[in-house]
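Engineer: Starting off with a structure, shown below.
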Amino acid sequence: MYIAREASKVWRKVTAEITVELQLLRDKWGLLLAGLIFQYIHGLAARGVHYLHRPGPLLQDLGFMALPELGQDKGYLSESIFSSIFLSFVLWTFHPFIYHSKRFYTVLIWRKVLAFLVASQFLRIITFYSTQLPGPNYHCREGSALATLPPPNSVLEVLLINFPRGVLFGCGDLIFSSHMIFTLVFVRTYHKYGSKRFIKFLAWFVAIVQSLLIIASRKHYSVDVVVAWYTVNLVVFFVDKKLPEMPDRTTGVPLLPLSNKEKEIRLKEERDSKLKDEFHKLLNGNHGDPTDRRQRAQMNGRQHDEDTNHALTEAATANGT
């Protein structure tokens, strides 16, 4: 019975949140769809630059000198951390559907995230098409069959981007790291809208570890990671200023009109909260307005002075007689 009752509560929360989010989605679907379409455009651009890639000797890199090479068999380490960051962030953005405490709307936060990603990826496309560097990854080096691509046989071959193999084994899209774009956008978003200080610290620490593993795995040059760190942070800072601030749901002010039932529930919660406050004031001896207490204290002081003057007058009269 307890499990059934709690499951019913969770289901009511989910359905209520879905109703609210669907109303927001009807208003904001255009920007969200544009952001999702640009993810495909970004993948298409990365696939296109692979046709221009020419392998060559590795460039001199300070990160390669400082960090030992992990080897081709350890390349999964950076990908595993990135997958964990990606999955945990997506789950966190949907937690308002289940948890009672809510700080944001899922539709609105993804609207911001996609805006950050699109702005960063647009700059990335311009950058890696400006200059093609010889890829440091193992499948992009001289002698690898995947380092270069033959001219496409049809437009359809380019448009399909050979997913997912074309995404996993791309070359030429180096400056700046796409993995770091997603990582830094997710970390900065949680830093602003998340509530756990320890997780915020852990997220930044994991982002640093991710950066080092990308370089140690030879998936990017150090410049690709360094440029991502300051570019993405600046992009998020300036784009966030242009976008409207999201309403804070912890204030209890709803973004959308409430139904009659929701209004009754909210009024009942407010009445219960006021009764609890009054009860605590009574227990602590702090009931009443501080102004009233000051006025009563002044009146009591004046009454005390009048009683004292009356007593002195009676004493003087008695001495005179």
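Engineer: With the Cα gyration tensor of the stretch 123-189 in hand, give its eigenvalues times 5 under a square root as the equivalent ellipsoid semi-axes, listed largest first in whole angstrom.
Structural biologist: They are 23, 16, 12 Å, listed largest first.
Engineer: Size of the dipole of the stretch 21-104 about the Cα centre, Lys and Arg at +1 and Asp and Glu at -1 on the beta carbon, nothing else charged, in debye to 20?
Structural biologist: 340
Engineer: To the nearest 0.05, what FRET efficiency results for residue 29 and residue 90 with a Förster distance of 22 Å applied to their C-beta separation?
Structural biologist: After rounding to 0.05, the efficiency reads 0.70.
Engineer: Take the Cβ-Cβ distance between residue 15 and residue 41 as r, set R0 to 41 Å, and report the resulting FRET efficiency rounded to the nearest 0.05.
Structural biologist: 0.70
Engineer: So between residue 77 and residue 208, what do we pick up on full extension, going 0.36 nm a residue minus the alpha carbon distance?
Structural biologist: Working it through step by step, the gained length comes to 45.8 nm.
Engineer: Give the shape of the stretch 1-134 as rounded, prolate or oblate, defined through the alpha-carbon gyration tensor: a ≥ b ≥ c are the square roots of its eigenvalues, a/c under 1.5 means rounded, and otherwise the shape is prolate if a/b is larger than b/c and oblate if not.
Structural biologist: oblate
Engineer: Would you work out which of 84, 64, 145 lies farthest towards the positive end of the dipole of the stretch 1-147? Charges go on Cβ: Lys and Arg +1, Asp and Glu -1.
Structural biologist: Most positive-ward Cα: 84.
Engineer: Give me the net charge of residue 188's neighbourhood, meaning all other residues with Cβ under 11 Å from the Cβ of residue 188; Lys, Arg count +1, Asp, Glu -1.
Structural biologist: +2
Engineer: Going by a ≥ b ≥ c, the root eigenvalues of the Cα gyration tensor, does the stretch 79-193 fall in the rounded group (a/c under 1.5), the prolate group (a/b larger than b/c) or the oblate group?
Structural biologist: Verdict is prolate for the stretch 79-193.
Engineer: Averaged per residue, what accessible area in Å² does the stretch 96-197 show with a 1.4 Å probe, protein chains only?
Structural biologist: It amounts to 48 Å² per residue over the stretch 96-197.
Engineer: Right, something else. Could you calculate the contour length gain from residue 99 to residue 168, that is, 0.36 nm times the residue separation minus the distance between their Cα atoms, to one decimal place in nm?
Structural biologist: Roughly 21.3 nm would be gained on extension.
The values are calculated or read from the model by the stated rules, or taken from the named source; none is laboratory data. Predicted model, so just to flag it, every value in this text is computed and none were measured. With ideal geometry, Cβ positions are generated from the backbone for all residues, glycine too; neighbour counts draw on all protein chains shown. For accessibility, only protein heavy atoms count, side chains too; no ligands or nucleic acids. Shrake-Rupley method; radii C 1.70, N 1.55, O 1.52, S 1.80 Å.
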